[in-house]
1. Ranked highest first by the average count of other Cβ atoms within 10 Å around their residues, in what order do 849-861, 794-806, 524-536 fall?
2. Ranked highest first by average number of other Cβ atoms within 10 Å, how do 557-568, 576-587, 702-713 line up?
3. How much FRET efficiency would the formula 1/(1 + (r/R0)^6) give for residue 51 and residue 22, where r is the Cβ-Cβ distance and R0 is 30 Å, rounded to 0.05?
4. Say the dipole of the chain comes from +1 at the beta carbon of Lys and Arg and -1 at that of Asp and Glu; which of 541, 215, 925 then lies farthest toward its positive end?
5. Would you list, by chain and number, the lysines whose Cα falls below 26 Å from the Cα of residue 811, excluding same-chain residues fewer than 8 positions away?
6. State the extension gain, in nm to one decimal, for the chain segment bounded by residue 660 and residue 236, taking 0.36 nm per residue of separation less the distance between their alpha-carbons.
7. Could you look at the chain and say what percent of its accessible area is carbon and sulfur, using a 1.4 Å probe and all protein chains?
8. From Cα coordinates alone, what are the radius of gyration and Dmax values for the chain in angstrom?
Amino acid sequence: MKTDPSEAARRLAPVLGVPESELLTQLRRKDKRFVWLKKDMDYELLDEIRAIEKDIRGIKHEVEQQRAYPKGKLAAQVIGHINDQNMGEGIEYHYNNYLLSARQGQAARRAEAARNEPINLLTNGDSTDDYGYSVVLTLDEYIQYVAEKELAAACRKWNAPRGTVIVLASKTAEILALASYPSYDLNHYTLGSEQAKRNLGVWFAYEPGSIFKIIASSAILNEGIMSPESTVFCENGRYRLANGRIIRDVSGKGWLTLEQVLHKSSNIGMIKIVKELGRENFSTYIEKYGFGKATGVDLPYEHSGSLYAVKHWDTHSLGSVPFGQGIMVTPLQMVSALNVIANGGKLLRPHITREIRDSSGKVIEKKYAIEVRQVIRPTVAKQMTDILVGVVEASRCPNNAILEANRVLRTPTSKVPRIFTCCDKTITDATPYCERRGAVKLHELLRGLNITTSSGSLDIDITGVASDNRKVELGNVFVCYQGISVDSHNFIPDALQKGAAVVIGEKPITTIETQGKPITYVQVPCGRRALSLIAANWHGNPAKRLKLIGITGTNGKTSTAHLIHAIFKASGRKTARIGTVGHQYTNAQGEEETLSASLTTPDAFALHALFKQFTEDDVEYVTMETSSQGLALQRLAGLTFDTAVFTNFTQDHLDYHQTMEAYLKAKLMLFEQLDNEGVAILNSDSPVAECIVHACSDLRKPMMYGLGEKADLHAEDINFSYNRLAFTAVTPDGRIPAKLRLLGEYNLYNALAAIAVGLRYDCPISAIQEGLAATVVPGRFELIDRGQDFAVIVDYAHTPDGLENVLTAAKRVTERNLICAFGCGGDRDNGKRPKMGNISAQIADYSVITSDNPRTEDPDEIIAQIVSNLPHATKYVCISERRDAIHHAIAMAKSGDVVVIAGKGHEDYQEINGKRFPFDDRVVASDILESF
């Protein structure tokens, strides 16, 4: 501001009705180019505000027109909205400059210029009148209504947290319905959750599963290698891959025709078909069908999916991709691919806009079906149609097919209709707390809780549990607590209005607003702990039937969990893994199931739902990463661990814990939950090892591992190379020669911890060796090899210790120069930023400093903090656009160099201003290498 902020605050406070101190805080902010002081003001105040504007430079007002949505929730994610910062969702955002009046357009452009952020729109055309243009959609209102109604019913029936329905006109590629669940009211979009605003049809990427078998089948027919009557031997339902992995079919069969492979949904048969087709042919057809690239539909934020397992083909890919695992597609991509078969082999670009009209009604732009390419011959499309009609008829379930052109939408092993009604049954961390089943008595849910006091009956039926007042339903328990920034006790009146039968809180009922209603209220010391115990009771305490192995530490949790999981699998144990890159378990049929994850340690209800699933599939051992935040937030309260593993302790998460002492205290909570006969497995080389030993003094003697000979387990004969780490583990049970596909000294520690767990559970030495050798962890020292004469490595290192470890490991195998591209996450511990800058400067020969997940922070500000204390002679460059930074790092590499891309590892998104955009370091690096 050009004027003294104090004077501006003094003048504005009585007019805006905002405290002077609050205005002064806003006016002194330096992290934004402008701030909103108040919105939705009375029009009568306009003259007073204009008078202040004349005296105070830098104060401006805007008069906004409001958009109304007469259909409320109908097609909410398609229509979308625009907020007061000219950002939003759907058609409203995509075609915003068409829909704006001339006056609104000028205001929007002024706001954008002030923020210095470009608008990502389809066209640069501007409206020239006060009413804006009209965008006419292809949606059929009745079909859209039915789709949304049936989708919501299906999701509720199957307890699916989200789902999507797509109805596509085959010949024109017009989208007649595009529904997502949950939804929100456009007229009150600020009340809708971010999940509800997502258009899942284009934004959500998932593993397609058995429906993907159609791709390889049509490809091998089109190549003339097989006919529908050609046979493959399906190994009687059990097939071992070259890497030792066992693939099983639900029902074992011998010889099957190609048509029968689809009818029986044989995974083994499909692997055999893909081997006949050949990897290159298969990959070509996957891309021909449109996978791996956005469809080009006229909607924002379309995900391109991921063909990582196709581009990085190995034996694991052969045992997953042919039947739709190890890759990610969007529902719209899958529908478009199926439409190839229904449309004579042609791939059409789907569209949702029919035409655009100016204010006089004149059509200024019209959309038509665009043929992308001919994927398969018309005769092959007809063959596939006949085969798939037979699949549907054999399943005797007409709801599984779209009637038009007899297109089949699922195969017999699909759990839910994958496209027409794409309900996500995966248990994820986004699962709402409010879950339904048969009514449960309140006193059953309160077992094990430390109750301070209660009022009202405890013998009432409960239909569900919620900790979010927006998700409360009739007959629910509403659990509230004092959060980090929000006190959910304040939302008790809203929960009661929505039908909550019981409230559980931390405050005395005398201090709580209940609107005069008599309620059952239970006071507890800690609401978060109560929620976790209730979650366990709700699901029948499944964790008591499992052996839990918890892993904590700043770095190494994910790799250690993968190694332990692999050792258990190699020894024939029924095992599961919970962690950062997803959850994995062996189901009752012996098949590997992989579930998505957004948190290292899931929320309480999601976690116990996982445990319940594991027990239903006869899992015995669960290895889980336990984050400090998950422990501190009581997500693991009430669990008893059989084994607790500690990896290391360095700076991280101080944005949450504030001090290293509080951070360590959170880590120690895991060891407080060890069973009396449980075992702690500790890194003896950590400076805090003795502290943890002291915390475990009442338990069995800990098992110590490290590089020193005094440890119970240590390593000798260590040998590093580009693609292998070999060593001998010296253990109480003897010497164990071992080989790893994970590199770096830090992975030596992780391997020793995993060996200790294996020995703890009497796993055979051969199984320990096999598990170690087979383990690959996504985004952990992952080599991106496209035949170049230098190495490119992607790693998740996002802490000072993690970055130092990965760079030290890379330096060990670097022949010439080590180039490091990295950044630091926004809204997180900013004290580690200059430390990471110095680590890269000291170890790498050249640093490319860029953006990570800036979240709500300015990427350039983060970069400035990283370089704030670099040594004068440091060779570095700052490039805030991450894709450009990776390109620069790879482009400058020469023969014998090593490029490390650090910070994001397995992540397939970049979070900017509260939105997640598709971005995968591995894919970006691979694409750049291939372009060279």
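The values are calculated or read from the model by the stated rules, or taken from the named source; none is laboratory data. This one's a predicted model, so the numbers in the text were calculated from it and none came from an experiment. Heads up, the Cβs are rebuilt from the backbone with ideal geometry, glycines too, and the neighbour counts pull from every protein chain shown. Each accessible area value is taken on the protein alone, full model and side chains, heavy atoms only, with ligands, DNA and RNA left out. Shrake-Rupley method; radii C 1.70, N 1.55, O 1.52, S 1.80 Å.
1. Averaged packing, sorted descending, gives the order 794-806, 524-536, 849-861.
2. 557-568, 576-587, 702-713
3. 0.90
4. 215
5. 557, 739, 832, 835, 875, 894, 904
6. My answer for the length gained is 147.0 nm.
7. Looking at the chain in its full context, I get 48 percent from C and S.
8. Gyration radius and largest Cα-Cα distance of the chain: 29.2, 88 Å.
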